[in-house]
């Protein structure tokens with residue numbers, strides 16, 4: 001479902017931004033997991049999250065909560081940081 005936010009007569013489609021963020025963070029997680037030579041089974045064992053759920057997250061079928069992202073970060077020996085950043089100028 002798309003949610004529209006009106007700002008200065010410009011329609012911003014929030015759903016697209018959510019999709020971009022989800023792909024970015026899951027892509028980063030997968031890259032780090034592979035870089036560290038960890039399997040989905042390794043991550044499952046460390047986090048207590050079922051391997052099937054790890055696979056669903058990695059495939060984009062499940063959207064992880066902040067709690068799950070925190071567990072994934074822990075399994076990668078990383079901190080999870082979520083922050084607001086200035087919008088880049090559109091070209």
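Worth a mention:
- Extension gain for residue 74-residue 89 works out to 2.0 nm (0.36 nm per residue, less the C-alpha to C-alpha distance).
- With neighbour counts taken as other beta-carbon atoms within 10 Å, the residues 79, 42 rank, fewest first, as 79, 42.
- Shape of segment 26-81, Cα gyration tensor, a/c cut at 1.5: rounded
Only the coordinates and a few stated rules stand behind these numbers; no lab work does. As the structure is a prediction and not an experimental result, all values here were calculated from the model. Virtual Cβ from ideal backbone geometry, glycine too; neighbours counted across all protein chains shown.
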